[in-house]
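**Q** Have a look at this one before I ask anything.
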Amino acid sequence: MLKNRSLIDPSDFSRQEFCEIFDLAHQIIANPEKYRKSCEGKILATLFYEPSTRTRFSFEAAMLRLGGKVVGFSEPSSSSAAKGESIADTVRTVECYADIVVMRHPKEGAPRVASRYVSIPLINAGDGGHQHPTQTLTDILTIQRLKGSVENKTYGFCGDLKFGRTVHSLIKFLSNHEGVKFYLISPEELRIPDYIREEIIIKNNIPFEEVEKMEPYMGELDFLYMTRVQRERFFNEEDYVRLKDRFILDAAKMKFASPSTYILHPLPRVNEISIEVDNDPRAQYFNQAKNGMFVRMALILKLLGIY
Ligand code: CP
């Protein structure tokens, strides 16, 4: 039963509960008209303490397409956070006005703490370099639509695996499934955090390799998940500049991929995928962004107990 639950981390829901969300998302894609008024009278609040395009817009579009309404801020300086109000007081106040709340925050764990102060569902829309579970919903729906299921697939993760919260959440989700294999492609300094390697990948006996080149492995991949180097999480600009262009996927590199290797990216991108790749049918990142709206529609309906 997902009604009134919060989603902060991929481990908050069972496999069966995630299946319910994905099944509903597929049904919404097939017949969006059916859900046009499902959230009439409901209000979604979006509290974004960090910039966003896809996550905030897709949540807001999702609620509007379900017939509900949206309130919120995209910039904390326009809220009473600028006067020193605590997150706890902010969400307790927002609960007086809204039925469901979505929060992005630069501090790891902030949405978890906030969720303890409210009795309405609270969704983590990204907390620092930690987790981004609704991007994982987006990624998994895309994987299902392209290849049927997530099991028995080889995944390459490339770029900033240290600070990339979308990678952390997706690895956490996939590690709970059979037959997956990972290539973790990054510079030494941007390897995945130890807790992901030790407590998630190794603990679940997932075969994996940590490598520093993408070309030798691209032919084996079902999915290559590219990521941006997360400038905002670096302690100094020099390190960012040194590492930011280490991996650039261009048309020449795409020749190393198989005809059935799909390219995903949570976006935004900077230089890591050349725009010449965008027209390759294997480039699926804009479809991925679109799927994000449908799966968030399904999530809202489930957490509000409407479906
Ligand atoms: N993928 C993602 O989180 O994008 P935004 O930062 O634009 O929301």
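The values are calculated or read from the model by the stated rules, or taken from the named source; none is laboratory data. Since this is a predicted model, take the numbers as computed values, not measurements. Positions of Cβ are backbone-derived with ideal geometry, glycine not excepted, and every protein chain shown enters the neighbour counts. With ligands, DNA and RNA removed, areas are computed over all heavy atoms of the protein, side chains included. Shrake-Rupley method; radii C 1.70, N 1.55, O 1.52, S 1.80 Å.
**Q** Using the Karplus curve 6.51 cos²θ - 1.76 cosθ + 1.60 with θ = phi - 60°, what ³J(HN,Hα) values do you get for each residue of segment 34-39, in whole Hz, with x for Gly and Pro?
**A** The phi angles translate into 4, 9, 4, 10, 4, 10 Hz.
**Q** Another question, then. May I ask you to compute the full-extension gain from residue 211 to residue 116, defined as 0.36 nm times their residue separation minus their alpha-carbon distance, rounded to one decimal in nm?
**A** On the way: separation 95, 0.36 × 95 = 34.20 nm, distance 3.96 nm.
In short, 30.2 nm is gained.
**Q** With θ set to phi - 60°, apply the Karplus curve 6.51 cos²θ - 1.76 cosθ + 1.60 along segment 123-136 and write out the HN-Hα couplings as whole Hz, x wherever there is a Gly or Pro.
**A** Coupling constants for segment 123-136: 10, 7, 9, x, 10, x, x, 9, 9, 8, x, 7, 5, 5 Hz.
**Q** Give a residue-ordered list of calculated ³J(HN,Hα) values for segment 104-110 (Karplus: 6.51 cos²θ - 1.76 cosθ + 1.60, θ = phi - 60°; whole Hz; x for Gly, Pro).
**A** 10, 8, x, 8, 4, x, 4
**Q** Long-range amide H contacts for residue 72: which residues qualify at under 5 Å (H placed 1.01 Å from N, peptide plane, sequence gap of 5 or more or a different chain)?
**A** Hits under the 5 Å cutoff: 46.
**Q** If the chain between residue 270 and residue 11 were fully stretched, how many nm would it gain, using 0.36 nm times the residue separation less the Cα-Cα distance? List each step's numbers first, then the result.
**A** Details: separation 259, 0.36 × 259 = 93.24 nm, distance 3.01 nm.
In short, 90.2 nm is gained.
**Q** If you take the square roots of the eigenvalues of the alpha-carbon gyration tensor of segment 49-133 and sort them as a ≥ b ≥ c, do you get rounded (a/c under 1.5), prolate (a/b over b/c) or oblate? Please list the in-between numbers first.
**A** Numbers: a/c = 1.38, a/b = 1.18, b/c = 1.17.
Verdict is rounded for segment 49-133.
**Q** On the protein heavy atoms, probe 1.4 angstrom, tell me the percent of accessible surface of segment 133-289 carried by carbon and sulfur. Working shown, then result.
**A** Details: 3220 of 6690 Å².
Its accessible area is 48 percent carbon and sulfur atoms.
**Q** Roughly speaking, what is the stretch gain from residue 23 to residue 235, that is 0.36 nm per residue apart minus the C-alpha to C-alpha distance, in nm to one decimal?
**A** Values: separation 212, 0.36 × 212 = 76.32 nm, distance 4.16 nm.
Extra length available between residue 23 and residue 235 comes to 72.2 nm.
**Q** On to the next question. How about segment 144-195: which GluC sites (Glu not before Pro) there lie in a loop by DSSP and see at most 12 other Cβ atoms within 10 Å? Kindly include the intermediate steps, with their values, before the conclusion.
**A** Values: sites: 151, 178, 188, 189; in loops: 151, 178.
The qualifying sites are 151, 178.
**Q** So, one more: For the residue pair residue 36 and residue 176, what label-to-label distance in nm results when each label sits 7 Å from Cα along the Cα-to-beta-carbon direction?
**A** 3.5 nm
**Q** For residue 253, give me every one of the lysines with a C-alpha distance below 30 angstrom, ignoring sequence neighbours fewer than eight places off in its own chain.
**A** Those lysines meeting the cut-off are 147, 153, 162, 172, 181, 213, 244, 290.
**Q** Ok, one more. Taking segment 266-296, which chymotrypsin sites (Phe, Trp or Tyr not before Pro) meet the DSSP loop condition and have no more than 15 other C-beta atoms within 10 Å?
**A** Details: sites: 285, 286, 294; in loops: none.
In loop regions of segment 266-296 (DSSP not H, G, I, E or B), there are no sparsely surrounded chymotrypsin sites (Phe, Trp or Tyr not before Pro).
**Q** Rank by packing, highest mean first: peptides 155-167, 247-259, 90-102, with packing defined as the count of other Cβ atoms within 10 Å averaged across residues.
**A** Most protected by this proxy first, the peptides run 155-167, 90-102, 247-259.
**Q** What residues have an amide H closer than 5 Å to that of residue 100, excluding those fewer than 5 places away on the same chain, when H is modeled at 1.01 Å from N in the peptide plane?
**A** 43, 45
**Q** Is the chain rounded, prolate or oblate when judged by the Cα gyration tensor, a ≥ b ≥ c being the square roots of its eigenvalues, rounded requiring a/c under 1.5 and prolate requiring a/b larger than b/c?
**A** Working: a/c = 1.76, a/b = 1.39, b/c = 1.26.
It comes out prolate by the Cα gyration axes.
**Q** Amide H neighbours of residue 6 under 5 Å, counting only residues 5+ apart in sequence or on other chains, H built in-plane at 1.01 Å?
**A** Answer set, sorted by chain and number: 122.
**Q** Let me ask something additional. If you take every residue apart from residue 164 with its C-beta less than 10 Å away from the C-beta of residue 164, what net charge results, scoring Lys and Arg +1 and Asp and Glu -1?
**A** Numbers: positive: 162, 165, 228, 233; negative: 160.
In short, +3.
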